[in-house]
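Report on the structure given below.
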Amino acid sequence: MANLLLLIVILINFYTLGSARLVACIRGVALQGALLALLPLATHGPTGHALFLGAGALLLKGIFIPLLLLRTIRQVRIRREVEPFIGFVPTLILGFLVTAGAFIFADFLPLAYEHHEGLYVPTSLATMFSGFLILITRRKAITQVLGYLMLENGIFIFGILLSAAIPLMVEAGILLDLLVGVFVMGIILNQINREFSSLNTDRLTALKE
Amino acid sequence: MIGRITLQLALLLIFAPLPLGVINKTKALFAGRVGPPLLQPYYDLARLWRKGFVISRTTTWVFLAGPVVGLVVPLLAALLLPFGGLTAPISFTGDLILFVYLFGLSRFFTAAAALDTGSSFEGMGAAREVTFSCLAEPTLLFSLLVLASGAKSLNLGALFGPQLAGQWQNGNSASLGLIFVALFVVLLVENSRIPFDDPNTHLELTMVHEVMVLDHSGPALGMILYGAAMKLMVLSAMLVRIAVPAQTGSLLFDLLIFLAGLLMLAVLIGIVESTMARLQLPRIPQVLVGTTLLSIFALILVLR
């Protein structure tokens, strides 16, 4: 069950890397977040801790943040990522290479014995790297927010391995940080769009009176 | 041996056009039409067979070699592959390479026959067809490699043999699922179905496969259509076997399971065709690169 979830998470990484349409990307990342909400339950069973973590992740990553992003792109009226710094096929291939690299690298890490065989560590690394790739290669600020979300999803998978040891407060704090981060970014995006009439981040390097 | 070969060829020759009829019926149901009768592909073949040839004076023997090779290749390829629970009639180490490149041979002759007419239009179709299939080839080979490393063998008979059911249970199920998707995309590309090509289009600029056979008529066109139907059945046989690796031991039940799987797959193709639009031409290589990566990823999962 947990392995199936992690596999779908990796497939969503590929899908988001290769897709040009913003709505499709947002839905992909939302689905990824919702699937990750099931992961604590699949890993640790229905304990109170896992239930809280799952419900929090589902509400924030699966529903609230995607709705916020969809509302933002409706307001700023952009539909697709037009010209990324690196094309879609090259990013897809790069994403595949980092995923393969993550699988090989995870075998060399000095992990606890029970984490050696599973898909958790490689999936977490692959998702983090894919998030990085999106952050680096896309021009639109909104896609970069998506990259940031995906990066956080990767960290979340890693955290699930440790969630027996981490106090609930820390995780709640992380989720809240994420929410506030995306909230602020959504507002800033609107402001940027109003001032510059474009969301391309490379335009922001030029000074304007 | 002779009995097995006859049985396999008879199955292929009799049932090949049936999935096409099922696909068309499914599409008709989705569109709210009654649709052509289920056996329409058979009637079409019979009609074409009674017609006469019209052969352009500029063409040579290559023009006729295209349909003939297109008809013979699926028959040869079918001998290497087990249909459902049956064992493959001919099997030797490394026959999966022969299997893949037999279809390459037929594609070469179809493209050569199209170029032989001297029409620039057909040349364009040939160029597209060859481009797409050269992008689909790595997917097919990597998927077969995944099966081969699971089966620890290099012949198709063993790859799709009884051990496949065990692989679904012992942790290889994820990679089998991935290559099922990858092979399904290969099936759609190789048989020029939507979203990669439209088998019904007669709008000249959008045709890929259809345009290559524009100049063929009568029995030659019938041979091409029959060959295409058999190719669809042979490639579907792989997918059906991966999805339903059940083995009852009785010949009749194995056959029935196989045929039922074949028709289910045809319904699935029909659903895909009625719910998806055709992809833009530049998007197609992107999708095919994606499926190649998917199958390599499946290989990594198996080797890990």
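None of the figures in this text is laboratory data; all of them are computed from the coordinates on show. The model shown is predicted, which means the values in this text are computed figures rather than measured ones. All Cβ positions, even for glycine, are placed from backbone atoms using ideal geometry, and neighbour counts span all protein chains on display.
Phi-derived couplings, Karplus 6.51 cos²θ - 1.76 cosθ + 1.60 at θ = phi - 60°, listed residue by residue for the range A:115-131: 9, 5, 7, x, 8, 4, 5, x, 5, 4, 4, 4, 5, 4, 5, 5, x Hz, with x used for Gly and Pro.
A simple spin-label model places the labels of B:Gln247 and A:Arg77 6.4 nm from each other, with each point 7 Å out along Cα-to-Cβ.
Close amide H contacts of A:Arg80 (hydrogens built in the peptide plane, cut-off under 5 Å, sequence separation of 5 or more or a different chain): A:Leu22. Using only side-chain charges placed at the Cβ, +1 for Lys and Arg and -1 for Asp and Glu, the dipole size of the protein assembly as shown relative to its Cα centre rounds to 1000 debye.
Given A:Val180, A:Gln191, A:Pro90, which one lies farthest toward the positive end of the charge dipole of the range A:2-200, if we put +1 on the Cβ of every Lys and Arg and -1 on the Cβ of every Asp and Glu? With unit charges placed on the Cβ atoms, the residue in question is A:Gln191. Taken one residue at a time, the phi angles of the range B:287-299 give Karplus couplings (6.51, -1.76, 1.60, θ = phi - 60°) of 5, 5, 4, x, 5, 4, 4, 4, 6, 5, 4, 4, 5 Hz. Gly and Pro are set to x.
Considering only B:Met276, B:Met233, B:Met223, the Gaussian network model of chain B with Cα springs below 10 Å gives its largest mean-square fluctuation to B:Met276.
Taking label points 7 Å from Cα along the Cα-to-Cβ direction, B:Arg4 and B:Tyr43 give a separation of 3.9 nm. Per-residue 3J(HN,Hα) values for the range B:85-90, derived from phi via the Karplus relation 6.51 cos²θ - 1.76 cosθ + 1.60 with θ = phi - 60°, read x, 5, 8, 5, x, 10 Hz in sequence order (x marks Gly and Pro). The angle separating the long axis of helix B:251-275 from the principal Cα axis of greatest extent in chain B is about 60 degrees.
Angle of helix A:168-196 to the longest C-alpha principal axis of chain A, folded into 0 to 90 degrees and rounded to 10: 10°.
Here B:Leu75 and A:Val23 are evaluated by their C-beta separation; at R0 = 56 Å the FRET efficiency comes out at 0.75. Here the range A:151-177 is scanned for amide nitrogen atoms under 17 Å from the site 7 Å beyond the Cα of A:His49 along Cα-to-Cβ, giving A:156-175. Partners of A:Lys61 within straight-line reach, counting aspartates and glutamates whose Cα lies under 13 Å from its Cα and excluding those fewer than 8 residues away in the same chain: A:Glu152, A:Asp177. Report note on the peptides A:175-188, B:256-269, A:3-16: ranked by the mean count of other C-beta atoms within 10 Å, highest first, their order is A:3-16, B:256-269, A:175-188. Computed over the range B:2-303, the Cα gyration tensor eigenvalues convert (square root of 5λ each) into semi-axes of 30, 22, 20 Å, ordered from largest to smallest. Using the Cβ-Cβ distance between B:Arg57 and B:Val130 with R0 set to 25 Å, the FRET efficiency from 1/(1 + (r/R0)^6) comes to roughly 0.40.
To the nearest ten degrees, helix A:22-44 and the longest principal axis of the Cα atoms of chain A are 20 degrees apart. Return, ordered by residue number, the residues of the range B:238-260 whose backbone nitrogen is under 13 Å from a label point located 7 Å along Cα→Cβ of B:Leu13. No residue qualifies, since no backbone N sits under 13 Å from the label point. A Förster distance of 56 Å, applied to the separation of the beta-carbon atoms of B:Phe92 and A:Asp177, puts the FRET efficiency at 0.35.
Between the listed residues B:Gly161, B:Leu80, B:Ile296, the Cα displaced farthest toward the positive end of the dipole of chain B, a dipole computed from Cβ unit charges relative to the Cα centre, is found at B:Gly161.
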